[in-house]
1. Kindly indicate which of G105, G129, G100 is on the phi > 0 side of the Ramachandran plot and crowded, with 19+ Cβ neighbours inside 10 Å.
2. Among the numbered criteria (1) under 20 Å from M249 (Cα atoms); (2) touching a residue at least 12 places away in the same chain (Cβ under 8 Å); (3) of a type in the set (A, V, I, L, M); (4) open to solvent by 50 Å² or more (accessible area, probe 1.4 Å), which single criterion is violated by M214?
3. Just give me the residues in segment 100-120 being modelled with pLDDT of 85 or more and in a loop (DSSP other than H, G, I, E, B), in sequence order.
4. Examine segment 180-199 for a residue that is modelled with pLDDT of 80 or more, part of a helix (DSSP H, G or I) and open to solvent by less than 20 Å² (accessible area, probe 1.4 Å), and state whether such a residue exists.
5. Looking at (1) modelled with pLDDT of 90 or more; (2) closer than 19 Å to L131 by Cβ, which is the one condition that is false for M214?
6. Would you be able to tell me the number of residues in segment 286-324 that are among the β-branched types (V, I, T), surrounded by fewer than 19 Cβ atoms within 10 Å (Cβ to Cβ) and at pLDDT below 90?
7. Can you tell me which residue within segment 11-32, out of those that are in contact (Cβ under 8 Å) with a residue 40 or more places away in the chain and within 21 Å of I300 (Cβ to Cβ), is most open to solvent (accessible area, probe 1.4 Å)?
8. Pick from segment 121-149 the residues that are without any contact (Cβ under 8 Å) to a residue 12 or more places away in the chain and in a helix (DSSP H, G or I): which of them is nearest to the chain's Cα centre (by Cα)?
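The values are calculated or read from the model by the stated rules, or taken from the named source; none is laboratory data. Just so it is clear, the structure is predicted and the values come from calculations on it, not from any experiment. A quick note on method: Cβ atoms are made from the backbone with ideal geometry, for glycine too, and the neighbour counts reach across all protein chains shown. Side chains included, ligands, DNA and RNA excluded: accessible areas come from the protein's heavy atoms. Shrake-Rupley method; radii C 1.70, N 1.55, O 1.52, S 1.80 Å.
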Amino acid sequence: MAKDKRQGLGSYIFILALLFVLLVVTAVICLTAGSADIGITEIFSAFTGQSSGELSHTVIFDIRLPRILLALAAGGGLAIAGAVFQALLMNPLAEPYILGVSSGGTFGAVLSFLLGLSMAGTQLFAFAGALSVIAIVFFLGKRFGNISPNILLLSGVMTGAFFSAAILLLYSLLDDSLRNVLFWLIGNLSSASKGDVYYILPLTIIISMILTAMAGKFNILSLGDQEAHHLGVNTGKIRMWAYVLSSIMTGAIVSISGIIGFVGLLVPHVCRILFGNDNRIIVPASFLAGASYMIIMDTIAKSILSPVELPVGAFTALFGAPVFIYLLRTRYKMI
């Protein structure tokens, strides 16, 4: 048995190391993509402190790197939140936005557009809207003092529907801000800045590490509450913290990037198809795979019609859906 545990740990480490290397390689390659011609050699020179042109240094560290780090945080955070919600709600269709967090964040953002606030004000309003929905859904989702997965899910869907309707009402009052609202609804990383990265990246990494540490408990939750209690797991506490942490992370991401759909649904499912159903590997693997996927999609979105930038949220679904259907056909023969 000890040998099997060592072999299992070795396979986990190998898979995560492979995904980490893939993430690093993806980030380095995508740093070269853009209107300015910057090669890999220049990138390594800039990171090692060797002589590099002032223009190259500015493009790498002030423009491209913050955007890649933001894509890393957004993709990894949404993917790991999707993996957690699917385990928490025991629903394969669960994803970060299903509990209404995105609708609350978008409502705050659209309200800020209506008030004519700056981008900082928009981000603040969006995060406040997301936090409001988190509190409402958490309150409505409790049954006999504990979180009920079914009630939580239904409360999130209904709360999201309410805020979506409110968004449409605000949308009808806008005039010259319609394009900004559209980009927010689709998902966009073009406004990335160092200031955004300084708080969203550490927040995402810290919460993702906590959720990864909880992943073994998610396996026990799948056995049912009664069996989990017999094994000494406080299901109410696990669900509460998993919901709150995942939702706060999703709300923070929405406040920066808008609604980027499909990542939290696609990536965890792909990881399960490739690596099995053990949440101890699925949760961290989803973060690494989601980060790589988002970096690639954002690079395509900003480069395919350069200098015009397209919203990355459109590409995450446009490229992800066919891949997901193909994997279902080839691995599960479901379609």
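1. That would be G100, the only listed residue that is on the phi > 0 side of the Ramachandran plot and crowded, with 19+ Cβ neighbours inside 10 Å.
2. (4) is the only condition that M214 fails.
3. Listed by number, the list holds a single entry, G100.
4. Yes, there is a match, as at least one residue in segment 180-199 is modelled with pLDDT of 80 or more, part of a helix (DSSP H, G or I) and open to solvent by less than 20 Å² (accessible area, probe 1.4 Å).
5. Here M214 clears every test but (2).
6. 3
7. Only one residue fits best here, namely L22.
8. Within segment 121-149, the match that is nearest to the chain's Cα centre (by Cα) is A135.
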